[in-house]
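The values are calculated or read from the model by the stated rules, or taken from the named source; none is laboratory data. All of these numbers come straight from a predicted model, not from anything done at the bench. Note that we place each Cβ from the backbone using ideal geometry, even for glycine, and neighbour counts take in every protein chain shown. Please note that ligands, DNA and RNA were not included when accessible areas were found on the heavy atoms of the full protein model with its side chains. Shrake-Rupley method; radii C 1.70, N 1.55, O 1.52, S 1.80 Å.
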Amino acid sequence: MRGSEPLGRAGLALLLMAAGAGARPRPAAPGDQPRSNVVLVACDSLDGRLTFFPGNQTVDLPSINFMKRHGTVFLNAYTNSPICCPSRAAMWSGLFTHLTESWNNFKGLDPDYVTWMDIMEKHGYRAQKFGKLDFTSGHHSVSNRVEAWTRDVDFLLRQEGRPMVKLTGHRKHVRVMEADWRNTDIAVNWIKEEAVNLTQPFVLYLGLNLPHPYPSPYAGENFGSSTFLTSPYWLEKVNYEAIKIPKWSSLSKMHPVDYYSSYTKNCTGQFTKEEVRNIRAFYYAMCAETDAMLGEIISALQDTGLLGKTIIIFTADHGELAMEHRQFYKMSMYEGSSHVPLLVMGPGVREQQQIPNVVSLVDIYPTMLDIARIPVPQNLSGYSLTPLLCEKAESEASPRGPRPSWVLSEFHGCNVNSSVYMLRTGKWKYIAYSDGSSVLPQLFDLTADPDELTNVAITFPEIVHSLDKILRSVVNYPKVSSSVQEYNKQQFISWKQSLGHNYSNVIANLRWHQDWLKDQKKYENAIDKWL
């Protein structure tokens, strides 16, 4: 579905009928071969550029390298929304963010939403999921949602602790992120004890929290996650000489939305080169630990003889800026935040293949159904990756015709004071804001300027016009931006009314409390003026 209007519940119900009208069954494989098992490992906050040159020079990622040798790596894979819940909602629904109205970490899919895994289970797959899911509504902190709702308020408050590093354990301390390791162990045991004995194909999902930064309790009672934490064991996997210190624009020359993001993320202060290098090194070390968990899954499949019968997919919900553009976290359309890893290996997948086509996480849904030989609804936002993976003609795999030459990402959440829309096609990245006129757009030539330091929108107005026309054909973004603004206001009003007399105390002690308490009345007045 690539129209410009948000999809109503009735439309969603029609879309999610497993073999919807107009969907064509895939022909059975030669000799009616058994369907492949599928394993999807999805981590949180892994910069996709680390999976190929030159990013892969910074840290040793043997499991990812194994997948590259025995499978395919996508060189231009993107999130459809660079924040946890909306990104995952796109991956599990196959629909763009504005169609499911997954606006922020609090507003995702309905709990009973029918996903590709539900459909695969209905069509004979044994389905199992472990670890982090985070694609339904109602989760994350109160602070996180209030920050998103109030982004149009005329104030500027730091919402995060200053990014920092912390070393823990010793040179043999492997299991730093214990919760992720526990979930990995559970998945490994399931493969060895249950999957190996199944007479039906299986689909297994493992969700990891790494390499997402850790909570920062030093920042006060309501704290964010600004600590990059690892052990000497993982830090030794990092090549310090290859770490690139990002160039920063001066604060006065930053794009206004970037300045808001940098300020609310507590990154506008002074940082030494050593601080920045350490933040990046510790982040890369956390990526190495993530890679080891992927390795455990691959080893379990190998040990049980299932590897040759299983398609493995590795990806992430979004990346991590790690101090690029004077920011950490995600919530940005810059490459560090929006570019995700996507690697696939298994039966029928070409080995040692690098695919330059732009793809995105909404493509996971039709790909899963395609692998399982289940009819793919034609009104999804995504397109199956199997033609690219197996070098089949597009027309053979999709009655919809060839995949578009662009991908869409959008953001409507916290730490950014505008709805943002990114169109990536060819060498260009076009970023539009809000209503398309009140905030200046950005245009980057990723071939000439891979670090995205020079906005050439003014230099190439004809390219801006052309890409904006494509973007508006996909999404009526001024209308969506207006809908999000209204949603934010109504949600805040409902929340405020639910608190009654306790409102002033609660709002003062959210993650922005260190700034808020300096002039509490001023900020309450700013909200009243907004309302």
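So in the range 28-70, with the set limited to residues that are at positive phi and surrounded by fewer than 22 Cβ atoms within 10 Å (Cβ to Cβ), which one is modelled with the highest pLDDT? The residue in question is D32. Quick one: is V196 touching a residue at least 12 places away in the same chain (Cβ under 8 Å), over 20 Å from K132 (Cβ atoms) and in a strand (DSSP E or B)? Considered against the rule, which asks whether it is touching a residue at least 12 places away in the same chain (Cβ under 8 Å), over 20 Å from K132 (Cβ atoms) and in a strand (DSSP E or B), V196 comes out as no. Residues in the range 238-261 that are assigned to a loop (DSSP other than H, G, I, E, B) and of a type outside the set (A, V, I, L, M) were compared, and the one that is most open to solvent (accessible area, probe 1.4 Å) is K247.
When P201, P215 are checked against the criterion of being closer than 30 Å to V142 by Cβ and open to solvent by 10 Å² or more (accessible area, probe 1.4 Å), P215 stands alone in meeting it.
Before we move on, is M333 hydrophobic (A, V, I, L, M, F, W, C), crowded, with 24+ Cβ neighbours inside 10 Å and part of a loop (DSSP other than H, G, I, E, B)? For M333, the condition - hydrophobic (A, V, I, L, M, F, W, C), crowded, with 24+ Cβ neighbours inside 10 Å and part of a loop (DSSP other than H, G, I, E, B) - is met. Please verify whether K265 is basic (K, R) and free of Cβ contacts under 8 Å to residues at least 60 places away in the same chain, treating the condition exactly as stated. Criteria not met by K265. Among the criteria (1) without any contact (Cβ under 8 Å) to a residue 12 or more places away in the chain; (2) open to solvent by less than 50 Å² (accessible area, probe 1.4 Å), the one R182 does not fulfil is (2). Candidates F130, F155: the one that is closer than 23 Å to M117 by Cβ and of a type outside the set (A, V, I, L, M) is F130.
Taken over the range 134-157, the criterion of being over 13 Å from S93 (Cβ atoms), in a loop (DSSP other than H, G, I, E, B) and not β-branched (V, I, T) is satisfied by D134, G138, H139, H140, S141, R151, D152, D154, F155, L156, L157.
Of the residues examined, F282 is one that is among the aromatic types (F, W, Y), out of contact with any Asp or Glu (no Cβ under 9 Å at 6 or more places or on another chain), over 28 Å from L443 (Cα atoms) and modelled with pLDDT of 95 or more.
Checking R373, R424 one by one, the residue that is over 15 Å from the mean Cα position of the chain (by Cα) and either within 16 Å of G94 (Cβ to Cβ) or assigned to a loop (DSSP other than H, G, I, E, B) (or both) is R373 and no other.
Just one residue in the set Y383, Y365 is under 16 Å from the mean Cα position of the chain (by Cα) and of a type in the set (S, T, Y); that residue is Y365.
Does the range 397-417 contain any residue that is of a type in the set (K, R), at pLDDT below 95 and surrounded by fewer than 24 Cβ atoms within 10 Å (Cβ to Cβ)? Yes, the range 397-417 contains at least one residue that is of a type in the set (K, R), at pLDDT below 95 and surrounded by fewer than 24 Cβ atoms within 10 Å (Cβ to Cβ). Looking at (1) open to solvent by 70 Å² or more (accessible area, probe 1.4 Å); (2) modelled with pLDDT of 95 or more; (3) part of a helix (DSSP H, G or I), which is the one condition that is false for I458? Unmet condition: (3).
Could you please give the count of residues in the range 444-462 that are without any contact (Cβ under 8 Å) to a residue 60 or more places away in the chain, polar (S, T, N, Q) and in contact with a strand residue (DSSP E or B) (Cβ under 6 Å, 6 or more places away or on another chain)? Summing the residues that are without any contact (Cβ under 8 Å) to a residue 60 or more places away in the chain, polar (S, T, N, Q) and in contact with a strand residue (DSSP E or B) (Cβ under 6 Å, 6 or more places away or on another chain) in the range 444-462 gives 0.
Do we find a residue being closer than 25 Å to A187 by Cβ and not in a helix (DSSP H, G or I) anywhere in the range 97-105? Yes.
With respect to the conditions (1) more than 19 Å from N183 (Cα to Cα); (2) surrounded by fewer than 21 Cβ atoms within 10 Å (Cβ to Cβ), T264 lacks only one, and its number is (2). If the condition is being open to solvent by 10 Å² or more (accessible area, probe 1.4 Å), in contact (Cβ under 8 Å) with a residue 24 or more places away in the chain and out of contact with any Asp or Glu (no Cβ under 7 Å at 6 or more places or on another chain), then the range 477-487 contributes K479, S482, S483, Y487.
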